[in-house]
1. Can you tell me which residue in region 242-261 is modelled with the highest pLDDT, limited to those that are touching a strand residue (DSSP E or B) at 6+ places or on another chain (Cβ under 8 Å) and part of a loop (DSSP other than H, G, I, E, B)?
2. For region 141-166, which positions are free of Cβ contacts under 8 Å to residues at least 12 places away in the same chain and more than 18 Å from the chain's Cα centre (by Cα)?
3. Can you tell me which of 96, 104 is within 12 Å of the ligand (Cβ to nearest atom), more than 18 Å from residue 6 (Cβ to Cβ) and surrounded by fewer than 18 Cβ atoms within 10 Å (Cβ to Cβ)?
4. Kindly evaluate residue 25 against the criterion of being farther than 26 Å from residue 142 by Cβ and touching a residue at least 24 places away in the same chain (Cβ under 8 Å).
5. Give the number of residues within region 200-220 that are within 19 Å of residue 153 (Cβ to Cβ) and in contact with a helix residue (DSSP H, G or I) (Cβ under 9 Å, 6 or more places away or on another chain).
6. Can you name the residue in region 1-11 that is more than 13 Å from the chain's Cα centre (by Cα) and within 17 Å of residue 69 (Cβ to Cβ) and, of all such residues, is farthest from the ligand (Cβ to nearest atom)?
7. Among the residues of region 45-83, write down those that are within 11 Å of the ligand (Cβ to nearest atom), in a helix (DSSP H, G or I) and in contact (Cβ under 8 Å) with a residue 40 or more places away in the chain.
8. Considering only residues that are free of Cβ contacts under 8 Å to residues at least 12 places away in the same chain and in a helix (DSSP H, G or I), look in region 227-241 and name the one that is farthest from residue 171 (Cα to Cα).
Ligand SMILES: NC(=O)c1ccc[n+]([C@@H]2O[C@H](COP(=O)([O-])OP(=O)(O)OC[C@H]3O[C@@H](n4cnc5c(N)ncnc54)[C@H](OP(=O)(O)O)[C@@H]3O)[C@@H](O)[C@H]2O)c1
């Protein structure tokens, strides 16, 4: 049986993908850290949509934990027609305030895990496959005071843009989605509110981002930026010198400091 594999399935955007795919009648394989949250989500989805749902908890940054996930999948003989890389951690603070542990965690969850899981899924894929990866508008420019997060999100765009060319003739569609703000957690909702008018016009719901990005990968778009405001921001700021943009970003973002995990 073919499945869609969703990482970060229990988070705000992950849940939205879970519902959007189940609504399409797809069988799901879900992963995240918390067994309890996965159990609750799987029961709800099965009841609501009548699709097959399996899950396995995984600390996605740890090789051993990923290996356990791979073993579970292989033992079940699953193949995948879609992978949605959603899991991400969004710590925001001055780089010198990071511990070595947090540097590794953020880098591994946001980038290494997505790359490794993609390799695994590609070797267990159905005849046709889609790889959809969640980056962020933060990956468009380098962001002082959000430097590591924005670099990992940029790395995803670079990697998956190159990969889609390598897979061009192999029935695999590869799309990276760059959302702006989505009201998924309390701290993010407060941050969006603090952005005033920009927060209002640039914010899209997780359900909107999930639905539209699934449509984008079906069309095999290289990247997809949800919402007109975010698209315009990406295009209109291109001619501005990078040093000016970073000066502006630094001024705004030096005021924010948070550990989101
Ligand atoms: N929200 C926004 O405004 C926004 C904007 C642009 C991009 N994004 C990106 O969108 C994605 C989803 O964001 P979200 O707001 O939905 O996040 P969220 O609600 O915080 O959910 C994060 C998900 O990732 C899982 N996760 C976190 N650390 C993990 C780890 N070490 N191993 C395995 N799973 C882990 C969580 O699992 P547990 O529930 O088990 O902890 C949860 O399912 C992220 O990649 C984020 O960077 C978000």
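1. Selected residue: 257.
2. Scanning region 141-166 gives 165, 166.
3. 104
4. Taking the combined requirement at face value, the residue satisfies it.
5. 7
6. 3
7. Within region 45-83, just 66 meets the criteria.
8. 236
The values are calculated or read from the model by the stated rules, or taken from the named source; none is laboratory data. Here the structure is a predicted model, which is why all the values come from computation and not from measurement. Neighbour counts run over all protein chains shown; Cβ positions are idealised from the backbone, glycine included.
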